[in-house]
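Read the figures in this text as sums done on the coordinates, not as results from a lab. Note that this is a predicted model, so its numbers are computed, not measured. So basically every Cβ, Gly included, is an ideal-geometry build from the backbone, and we count neighbours across all protein chains shown.
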Amino acid sequence: MGTLRTVRVYDDNTKEDGKRILIDRLWPRGVTKEEAAIDEWAKEVTPSNELRKAYHDGDIDAETFRKKYRKELDDNEDAPAFVSKVEGFLSVGNVTLVTSVKNVSDSQVPVLLEYLKEKLDRKSLKEE
């Protein structure tokens, strides 16, 4: 079983990255597709444009953003397929979630990581 990790798209790619999944709604500025070395672009599980803009404009705080994004993930019909895809990738190697955000800890990344870990743990528990 591989490891789930995160990096910024501006960091150097490594062999340990495994499958690289871009988890931003918008393509990172100033980065070519070759430089990014992205295997998948998971736009379907990113925060909605409205939620993203409200957070970046300061209309909502971090906790409100986290709760609303988590609700979006829970209600997202594409999320289970994304979880399954990540699980499949992890069965053969590492998975690296790639983002362009400057402050990863204050972004969608921790919420998506928490969501993935919960869903992957639940699947693993069901299989035992």
Selection count where residues are β-branched (Val, Ile, Thr) and touching a Gly at 6+ places or on another chain (Cβ under 7 Å), scope the stretch 17-71: 0
Residue satisfying condition, being within 11 Å of Gln108 (Cα to Cα), buried (at least 17 other Cβ atoms within 10 Å of the Cβ) and either β-branched (Val, Ile, Thr) or in contact (Cβ under 8 Å) with a residue 12 or more places away in the chain (or both), within set Phe65, Phe82: Phe65
Unmet criterion (only one of (1) touching a residue at least 40 places away in the same chain (Cβ under 8 Å); (2) over 14 Å from the mean Cα position of the chain (by Cα)) for Ala54: (1)
Within the stretch 1-24, considering residues that are closer than 21 Å to Leu120 by Cβ and hydroxyl-bearing (Ser, Thr, Tyr), the one surrounded by the fewest Cβ atoms within 10 Å (Cβ to Cβ): Thr3
Lys71 being touching a residue at least 40 places away in the same chain (Cβ under 8 Å) and either under 19 Å from Arg20 (Cβ atoms) or exposed (fewer than 12 other Cβ atoms within 10 Å of the Cβ) (or both): no
